[in-house]
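Taking it in order: structure first as structure tokens, then the write-up.
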Amino acid sequence: MYKPSLLFAASEVYPFAKSGGLADVAHSLPRALASAYEVSVVMPLYRCIDREKYAISALGEAFEIEMGAEKYPVELFGCEHEGLRHIFIYSPLLSEKEYLYGTPEKGYEDNAVRFGIFNYVIVSLLKRRDYAIAHLNDWQSALVPLLLKDEETINTKILYTIHNLAYQGTFEKSSLAELGLGEECFTMEGIEFYSMVSFMKAGIAYAHRVTTVSPTYAKEILTPEFGCGLEGFLRHHRNKLSGIINGINAEHFSPEHDSALVTPYSDLDGKALNKKAYLKEVGLKGAKKPLFVFVGRFTSQKGLDLLLQSLPKMASMECNIAFLGEGEEKYHAPLKEIMHRYPNIYLEFGYNEAHSHRMYAAADFLLMPSLFEPCGLNQMIAMAYGTMPLVHRVGGLADTVFSYTDFEPLTNRGYGLVFAKPREDLFLKAFKEALALYKNKRHYNRIIKHNMRRDFSWQESAKAYLELYAQLLK
Ligand code: ADP
Ligand code: GLC
């Protein structure tokens, strides 16, 4: 069967390099599209990527790209991973850093140039081969449609997906020249943003279509509360903007087949064994008490301020709470301090995939009081593992978690505890409701069993992307 070709570009892809949900999406969405498209995934070849493990080898293509007044050496690498073609871009500035984007404190000074190189090489890939669709993700590849704006020889249709409007890739004006861009781009309709250069604006302005990762977030970003200063610009381009909810990789996040678990499970007895084992692993006491977990980046986005404010009160109630994550330094010390005060709080700093799976398996509730959440994957993973999410009703959380008080067994919805505004009193109220619901075991079990049977896979959303590509190709 003839399949049109699709170049899917992302700055992180699981399992090669991951800092958040984008990597999960860039891993699982291309696979879900591969039945209809011949997909190539392209990403930077960071130093942290294990070339040997994934049999990544040189493609025999080394060249220079010209950007501004400079030339940058580039070499292409590749591998087949789980049946999918991956292209890796090596260029010293882009690749030879310790972290992907910056230290925990701040982004690298030369990120404009680093990701400028990434964009220029994507353009050179599109010039070499006639891709039907280029699907770009987040600011790191958002310059591509601008660079192709006046290229008449390229027919590729471009979809740009915003995973998080809070990260826009804005840089000093001096980067305009470094990126080989002229003053004519530096306008309000173009990429100027409060006298800075904005990669994000290039994606929004010049891609043929723009999506974000949930229908609710697609509406929220048109408002000053969630638009991060781009709400007016997005409203201007709203005709090409829509929201498609993320899925999760149903094989990778399956309690039944999860090799990270002590006891993979498909029922609640099996889940209970995982809870026992986990409590022992981290030294928490009381398997009868509900276990709440938080997995994620310690940032204001994830509701860390609300959590810190409420934690002492939560910890004084009958429960255990475990944290896994890393992020802004300012949250580390207060988290540590609270952990030392309460024996029923466990805290681990760091990024640990296997540990996170054990937490999803062990927990009764997932805490996700995000201030804003473009989509969020944790809540879907949690539900697949029979862990009930407690969420702020915002963004993708509002689209995927419905209040247990409206539980209807015949729907395909997932249910959890939902609070309407990011306020301590409402958060604590939901927390207390969780404790009460947990005591009503029959009802609680019925809901989590319902959640475990829901389909959070990519199936439906992949169809929505395919439909959108088809519209673009018409
Ligand atoms: P984000 O805004 O960080 O992208 P998402 O909910 O979309 O949030 O995705 C987060 C992904 O990263 C999930 O797969 C989650 O399990 C994982 N994750 C986040 N922090 C950690 C951590 N410290 N250790 C392991 N996995 C983590
Ligand atoms: C971003 C968002 C998160 C979303 C992820 C994948 O990191 O913060 O909500 O799930 O991208 O789209």
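Output the number of residues of the stretch 280-312 satisfying the condition of being out of contact with any strand residue (DSSP E or B) (no Cβ under 8 Å at 6 or more places or on another chain) and either without any contact (Cβ under 8 Å) to a residue 24 or more places away in the chain or farther than 21 Å from residue 416 by Cα (or both).
9
Residue-wise test of (1) of a type outside the set (Phe, Trp, Tyr); (2) at pLDDT below 95; (3) within 30 Å of residue 182 (Cβ to Cβ).
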| residue | (1), (2), (3) |
| --- | --- |
| 206 | no, no, yes |
| 209 | yes, no, yes |
| 217 | no, no, no |
| 224 | yes, no, no |
| 228 | yes, no, yes |
| 231 | yes, no, yes |
| 234 | yes, no, yes |
| 237 | yes, no, yes |
| 245 | yes, no, no |
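Answer yes or no: is there a residue in the stretch 144-155 that is in contact (Cβ under 8 Å) with a residue 40 or more places away in the chain, over 27 Å from residue 40 (Cβ atoms) and crowded, with 22+ Cβ neighbours inside 10 Å.
no
Kindly establish whether residue 331 is of a type in the set (Ser, Thr, Tyr), away from ligand 2 (no atom under 16 Å from the Cβ), within 26 Å of residue 261 (Cβ to Cβ) and at pLDDT 95 or above.
No, not satisfied.
Out of the residues in the stretch 339-394 that are among the small types (Gly, Ala, Ser) and within 11 Å of ligand 1 (Cβ to nearest atom), state the one that is modelled with the lowest pLDDT.
My answer is 350.
Do any residues in the stretch 105-120 that are under 27 Å from residue 326 (Cα atoms) have Cβ atoms under 9 Å from those of residues that are of a type in the set (S, T, N, Q) and surrounded by fewer than 17 Cβ atoms within 10 Å (Cβ to Cβ), where the two are at least six apart or on different chains, and which pairs are they?
Final answer for the pair search is 112/174.
Test residue 356 against the criterion of being in the same structural domain as residue 435 (by TED's automatic domain parsing) and in contact with a His (Cβ under 6 Å, 6 or more places away or on another chain), and give yes or no.
No: the conditions fail for residue 356.
Identify all residues within the stretch 52-92 that are assigned to a loop (DSSP other than H, G, I, E, B) and surrounded by 15 or more Cβ atoms within 10 Å (Cβ to Cβ); write none if there are none.
Start the filter on the stretch 52-92 by keeping residues that are assigned to a loop (DSSP other than H, G, I, E, B), which leaves 52-56, 68-69, 82-83, 91.
Answer for the stretch 52-92, where residues must be assigned to a loop (DSSP other than H, G, I, E, B) and surrounded by 15 or more Cβ atoms within 10 Å (Cβ to Cβ): 54, 56, 68, 91.
Answer yes or no: is there a residue in the stretch 419-434 that is within 16 Å of ligand 2 (Cβ to nearest atom) and out of contact with any Phe, Trp or Tyr (no Cβ under 6 Å at 6 or more places or on another chain). Before you say what the answer is, go through the steps one by one.
Of all residues in the stretch 419-434, those within 16 Å of ligand 2 (Cβ to nearest atom) come to 422.
Add one more test, that the residue is out of contact with any Phe, Trp or Tyr (no Cβ under 6 Å at 6 or more places or on another chain), and what stays is 422.
Yes, that holds for at least one residue.
Would you pick out the residues in the stretch 5-23 that are in contact (Cβ under 8 Å) with a residue 40 or more places away in the chain and either surrounded by 23 or more Cβ atoms within 10 Å (Cβ to Cβ) or of a type in the set (A, V, I, L, M, F, W, C) (or both)?
Once the filter is applied, which keeps residues that are in contact (Cβ under 8 Å) with a residue 40 or more places away in the chain and either surrounded by 23 or more Cβ atoms within 10 Å (Cβ to Cβ) or of a type in the set (A, V, I, L, M, F, W, C) (or both), the stretch 5-23 yields 6, 7, 8, 9, 10, 11, 12, 13, 16, 17, 21, 22.
Is it the case, given these coordinates, that residue 335 is in a helix (DSSP H, G or I), in contact (Cβ under 8 Å) with a residue 12 or more places away in the chain, among the aliphatic types (A, V, I, L, M) and over 20 Å from residue 255 (Cα atoms)?
The answer is yes for residue 335.
So in the stretch 9-41, with the set limited to residues that are more than 10 Å from ligand 2 (Cβ to nearest atom) and of a type in the set (Val, Ile, Thr), which one is nearest to residue 374 (Cα to Cα)?
The qualifying residue nearest to residue 374 (Cα to Cα) is 13.
If we scan the stretch 282-290, do we find a residue that is at pLDDT below 95, at negative phi and either assigned to a strand (DSSP E or B) or out of contact with any Ser or Thr (no Cβ under 7 Å at 6 or more places or on another chain) (or both)?
No - not one qualifying residue is present in the stretch 282-290.
So which residues in the stretch 11-28 are of a type outside the set (S, T, N, Q) and farther than 17 Å from residue 462 by Cα?
Taking the stretch 11-28 first, the residues of a type outside the set (S, T, N, Q) are 12-18, 20-27.
Scanning the stretch 11-28 gives 12, 13, 14, 15, 16, 17, 18, 20.
Can you tell me which residue among 276, 285, 289, 240 is over 21 Å from the mean Cα position of the chain (by Cα), surrounded by 16 or more Cβ atoms within 10 Å (Cβ to Cβ) and charged (D, E, K, R)?
Result of the check over 276, 285, 289, 240: 289.
How many residues are more than 25 Å from residue 100 (Cα to Cα), out of contact with any Gly (no Cβ under 9 Å at 6 or more places or on another chain) and loosely packed, with under 13 Cβ neighbours inside 10 Å when one looks only at the stretch 312-333?
2
Within the group 367, 468, 428, 417, which residue is hydrophobic (A, V, I, L, M, F, W, C) and over 22 Å from residue 291 (Cα atoms)?
Matching residue, one of 367, 468, 428, 417: 468.
The values are calculated or read from the model by the stated rules, or taken from the named source; none is laboratory data. Worth saying up front: this structure is predicted, and the values here are computed from it rather than measured. Cβ atoms come from the backbone with ideal geometry, glycine included; neighbour counts cover every protein chain shown.
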